[in-house]
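Participant: Can you read through this structure? Questions will come right after.
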Amino acid sequence: MTAIDDLLQRHIDGPDLGAPDIPTPVPSLHLAVVTCMDARIKVFDVFGLTHGEVHIMRNAGGVVTDDIIRSLSISQRKLGTREVIVMQHTSCGLATITDDAFKDELEDATGLRPPWAVEAFREVKDSVRQSVERVRRSPFVLHTDNVRGFVYDVQTAALEEVH
């Protein structure tokens, strides 16, 4: 059985009943969270969330990229969010590679060099600061006065605000 087959069976056997009591895609806390795709980060648990409260946007590193700006623009302009959390984390895989080395690897394997930035980093706090600034400076994001950045410690579950 593949992992996908396993998840489909879990869905059939599981308690997911949809969200019949949540009539709208507008998150009730009017908040968007940008974070990493790392499977150790359980965003609902980190913030004590329930369904329907926030938009969650994930990618490698939890880095604010053009696609995250796209999603934040839609989230704010069409779905009513007004605040943004950028949460990256300790022991991130992006801290173990470099942009050039990864692009070289892909080019060697495929014959094509990717046009996108890997967004690798050495210091997670610096990456959080940069991502927060990207949101604050984006002309496409309406509400930039309450954008805050955090580092989540995957070992201790501590959440540290980055200034």
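The numbers here are math on the coordinates, done by the rules we state, and not lab data. The structure presented is a predicted model; accordingly, all values stated were derived computationally and were not measured. Cβ coordinates were reconstructed from backbone atoms using ideal geometry, including for glycine residues, and neighbour counts include every protein chain displayed.
Participant: Rank-order 64-71, 3-10 by packing density, defined as the average count of other C-beta atoms within 10 Å over each peptide's residues, highest first.
Facilitator: Going from most to least packed, we get 64-71, 3-10.
Participant: When the chain is fully extended, how far beyond the present Cα-Cα distance does R129 get from R77, taking 0.36 nm per residue of separation?
Facilitator: 16.3 nm
Participant: Summing Lys, Arg as +1 and Asp, Glu as -1, what charge do residues with Cβ under 11 Å from the Cβ of S73 carry, S73 excluded?
Facilitator: That sum, taken over residues with Cβ under 11 Å, equals +1.
Participant: Next question. Grab every C-alpha pair in segment 16-100, bin the distances at 10 angstrom width from 0 up to the longest one, and report whole percents.
Facilitator: 16, 45, 30, 8, 1
Participant: Give the percent of DSSP beta bridges with both residues in the chain that are antiparallel, rounded to the nearest 5.
Facilitator: 20 percent
Participant: Hey, of [x] 29; [y] 25; [z] 19, which did the structure itself give for percent of Cα pairs over 29 Å apart when calculated?
Facilitator: Calculated percent of Cα pairs over 29 Å apart: the matching label is [x].
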